[in-house]
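Written below as structure tokens is the structure these notes are about.
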Amino acid sequence: LQIAPGSDAFLFVGLLNYLHSNSRLDDRYIEAHTHGFEDAVAAAMAMFRSAGIESVTVGSVVSVKDSSWQSANESFLGRNRHALVVAYGREREAVRLLRTAPRPLFEVTIVQPSHIRDDLKRSYDATTVASLLESSNSIALTYLRRLLGQMRQVDTEEELERYERALTRDGMRARTAS
């Protein structure tokens with residue numbers, strides 16, 4: 001891949017966005033070797049607040065029904081837990097504010113209800129990790145459940161081998177490359 005001078009930052013941001021969108025970031029590594037992510041989310045929320053746009057992180061309004069699955073869920077969802085849900089109908093305005101921020105806030109994700117509309121009423125089998133989540137905020141709940149998809153709750157190594165997408169309480173996971 002030949003990169004034109006001065007365009008490497010664009011490539012990096014594009015790759016970072018792809019990895020983030022596909023839950024492929026190594027959050028443990030990022031937390032150990034980077035700084036500023038939480039600051040970027042806080043800065044975005046402050047910017048929205050000053051513009052009269054309410055926002056919450058999905059992780060602050062979604063809970064795990066069974067606390068023994070809390071750490072595994074948080075680890076798998078990683079930074080997606082910090083995606084922002086803004087006042088309904090103000091998503092475009094929030095994105096516009098991010099795009100014109102004094103410094104780039106690449107780390108911030110605004111949940112787009114139009115992207116998950118078809119999944120809002122979807123039910124999840126009790127054997128899925130997604131079924132462990134609950135919230136009165138349907139947008140935040142659907143966003144995280146969609147990321148988890150049909151990932152199965154499993155207990156054994158044999159089950160991890162059997163299912164293409166699976167997660168154990170202690171955070172072991174099976175995932176087919178895509």
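The values are calculated or read from the model by the stated rules, or taken from the named source; none is laboratory data. None of the values given here were measured: they were computed from a predicted structure. Here the Cβ is made from the backbone with ideal geometry for all residues, glycine too, and neighbour counts use every protein chain on show. Accessible surface is based on the protein model in full, side chains and every heavy atom, while ligands, DNA and RNA are left aside. Shrake-Rupley method; radii C 1.70, N 1.55, O 1.52, S 1.80 Å.
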Might you check whether a residue that is in a loop (DSSP other than H, G, I, E, B), open to solvent by less than 60 Å² (accessible area, probe 1.4 Å), modelled with pLDDT of 90 or more and within 27 Å of Ala174 (Cα to Cα) occurs anywhere in the range 75-89?
yes
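Tell me, which helices (runs of 4 or more DSSP H) wholly within the range 112-172 include 1 or more residues that are in contact with a helix residue (DSSP H, G or I) (Cβ under 8 Å, 6 or more places away or on another chain)?
Answer list for the range 112-172: 113-116, 138-148.
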In the range 138-151, what residues are under 15 Å from Val111 (Cα atoms), of a type outside the set (D, E, K, R) and open to solvent by 40 Å² or more (accessible area, probe 1.4 Å)?
Ser138
So which of Ser60, Ser55 ends up being closer than 21 Å to Glu134 by Cα and out of contact with any Lys or Arg (no Cβ under 8 Å at 6 or more places or on another chain)?
Ser60
Within the range 93-111, considering residues that are outside any loop (DSSP other than H, G, I, E, B) and open to solvent by less than 30 Å² (accessible area, probe 1.4 Å), the one nearest to Leu167 (Cα to Cα):
Ile110
Do you know which of the residues in the range 112-130 that are touching a residue at least 24 places away in the same chain (Cβ under 8 Å) and polar (S, T, N, Q) is surrounded by the most Cβ atoms within 10 Å (Cβ to Cβ)?
Thr128
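Quick check, is Val41 outside any helix (DSSP H, G or I) and surrounded by 13 or more Cβ atoms within 10 Å (Cβ to Cβ)? Working first, answer last.
Details: outside any helix (DSSP H, G or I): no; surrounded by 13 or more Cβ atoms within 10 Å (Cβ to Cβ): yes.
Here the answer is no, as Val41 does not meet what is asked.
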Step by step: first the residues of the range 54-74, then only those that are among the aliphatic types (A, V, I, L, M) and either more than 9 Å from the chain's Cα centre (by Cα) or within 20 Å of Arg152 (Cβ to Cβ) (or both), then the one that is least open to solvent (accessible area, probe 1.4 Å). Which residue is that?
Ala72
